[in-house]
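The values are calculated or read from the model by the stated rules, or taken from the named source; none is laboratory data. This one's a predicted model, so the numbers in the text were calculated from it and none came from an experiment. Backbone-built Cβ (ideal geometry, glycine too); neighbour counts: all protein chains shown.
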Amino acid sequence: MFNKVCSLFLTALLLTGSAYGNYTAKQIQEIRTRAPGLTSKGVNRRLLRAQEMVVRDDRKGAIQILEGMTAKSYRPFEMGKIWQSLAYAYAQTDQFDKARNAFKKSIETNALPYKAHLQSLFGLAQLRLMAEKYKLAEDSLGKWFQLTKEERADAYVFKATIAYQKGDKKSALTAILKALQIEKKPKEQWLTFAVSLLYENNRYKEASELLYKLVEMNHGKKMYWTQLAGTLLNSDKDMEALAVMDLALMMELLDKEGEIRNIVSLYLSNGLPYEGSQLLEKGIKKGFVKETKKNLELFGNSLIQAKEYDKAFAPLKKAAKLSDDGKMYALIARLYLEKENFKTAVQNFDLALSKGIKKENRGQVYVEKAIALTSLKRVKEAIESLDQAEKYKESKELAAKWRGYVNNL
């Protein structure tokens with residue numbers, strides 16, 4: 001059920017108009033040109049008294065007066081005013097079923113002038129929506145649209161809401177976008193509603209335009225920043241997405257591990273590995289990012305991509321200890337091999353093999369170990385390592401080539 005609202009004009013929300021129950025052209029013309037009827041002094045006095053009670057927050061007293069008046073026979077115009085006033089009072093006291101019935105009766109008098117008739121139709125449509133009577137709400141709102149000569153943004157939001165509740169998301173999107181076209185300063189909830197519908201239709205460019213407005217409207221709300229970055233990514237605007245996330249980071253809105261990892265991934269995919277590594281380091285120090293194997297590996301790899309090899313050893317060694325296999329030790333060994341620290345490279349290749357390397361990668365590790373051993377002039381051990389490498393089809397050819405080199409030493 002929808003949340004209760006305090007004022008008569010309930011916040012407009014959902015779906016699209018219907019063809020059933022429409023007014024004829026003759027009825028439209030009659031309602032639009034309908035003049036106010038006469039009100040007797042007695043009726044006018046009672047209505048004014050009820051209104052004064054409402055102003056003084058004595059709605060119970062106002063309802064008693066108005067209910068008493070409905071039990072009598074007055075002229076149609078007078079009865080229309082009485083039922084409409086009673087509908088307002090019921091709605092303001094959360095008696096929505098009674099308010100709905102009172103609005104309906106005010107319309108059925110066929111005596112309310114044009115603007116008052118529109119007000120009763122709109123109020124009835126809102127209350128029917130609250131009661132989840134979507135087709136009836138659609139009917140009332142459809143008649144309102146037939147009669148009105150103005151374009152109201154809230155009416156289109158209301159239309160969109162009804163459509164959404166009925167599952168017609170295409171019509172809902174059309175209506176909410178129309179509302180945003182009319183209203184230059186739309187409400188925050190209207191924009192978020194439109195964004196959600198645009199997302200569902202994969203219209204990311206338009207969604208990002210609205211999210212920029214939401215960020216401007218409520219720049220302290222983290223969700224809007226992350227959604228904006230996401231829509232930009234879906235629109236292949238990686239650098240813009242990164243800029244958005246950077247701003248959110250500067251405003252200290254991002255403090256979750258997943259958020260930090262997402263930004264690091266953006267840095268890496270856009271050729272900015274050093275910036276990514278710095279962010280991860282900061283996240284680890286502040287406790288936003290835990291020193292898990294996955295995070296440490298990402299940290300180490302970002303440093304490698306930034307060519308900060310010496311700094312990469314520390315996170316990679318921590319990751320290797322936390323790992324279930326020897327892949328990280330193999331990576332560390334390759335770094336030492338690159339730095340021509342052959343002895344330490346061999347030690348780490350041994351750690352990698354002892355901890356376990358996938359079969360398809362094992363031969364490569366034996367070849368690389370042989371290269372390090374050869375550089376240390378430990379030829380016999382190098383040949384033994386190549387013997388192991390030749391057992392695997394993935395590395396057999398490469399091992400044979402290195403054997404030829406070693407045999408010529």
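One line per residue, one yes/no per condition, for (1) in contact (Cβ under 8 Å) with a residue 40 or more places away in the chain; (2) surrounded by fewer than 16 Cβ atoms within 10 Å (Cβ to Cβ); (3) within 45 Å of the chain's Cα centre (by Cα); (4) closer than 29 Å to Q29 by Cβ:
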{"site": "A71", "(1), (2), (3), (4)": "no, yes, no, no"}
{"site": "M79", "(1), (2), (3), (4)": "no, no, no, yes"}
{"site": "A91", "(1), (2), (3), (4)": "yes, no, yes, no"}
{"site": "K105", "(1), (2), (3), (4)": "no, no, yes, yes"}
{"site": "L136", "(1), (2), (3), (4)": "no, no, yes, yes"}
So Y392 fits all but one of (1) within 30 Å of E281 (Cβ to Cβ); (2) outside the structural domain of N301 (by TED's automatic domain parsing); (3) crowded, with 18+ Cβ neighbours inside 10 Å; (4) of a type outside the set (A, V, I, L, M, F, W, C); what number is the exception? (1)
Meets criteria (on the phi < 0 side of the Ramachandran plot and touching a Pro at 6+ places or on another chain (Cβ under 8 Å)) for A306: yes
Restricting region 214-223 to residues that are assigned to a helix (DSSP H, G or I) and in contact with an Asp or Glu (Cβ under 9 Å, 6 or more places away or on another chain), which is surrounded by the most Cβ atoms within 10 Å (Cβ to Cβ)? L214
What are the pairs with Cβ atoms under 8 angstrom where one residue, in region 373-397, is over 22 Å from N341 (Cβ atoms) and outside any helix (DSSP H, G or I) and the other, located anywhere, is modelled with pLDDT of 90 or more and polar (S, T, N, Q)? Sequence gap at least six, or different chains. E394/N361; E394/Q364; S395/Q364
Can you find a residue in region 306-328 that is in contact with a helix residue (DSSP H, G or I) (Cβ under 7 Å, 6 or more places away or on another chain), assigned to a helix (DSSP H, G or I), within 22 Å of R261 (Cα to Cα) and aromatic (F, W, Y)? yes
Can you find even one residue in region 260-280 that is outside any helix (DSSP H, G or I), among the basic types (K, R), over 21 Å from L214 (Cα atoms) and in contact (Cβ under 8 Å) with a residue 24 or more places away in the chain? no
Quick one: in region 351-389, which of the residues that are surrounded by 15 or more Cβ atoms within 10 Å (Cβ to Cβ) and of a type in the set (V, I, T) is nearest to the chain's Cα centre (by Cα)? I357
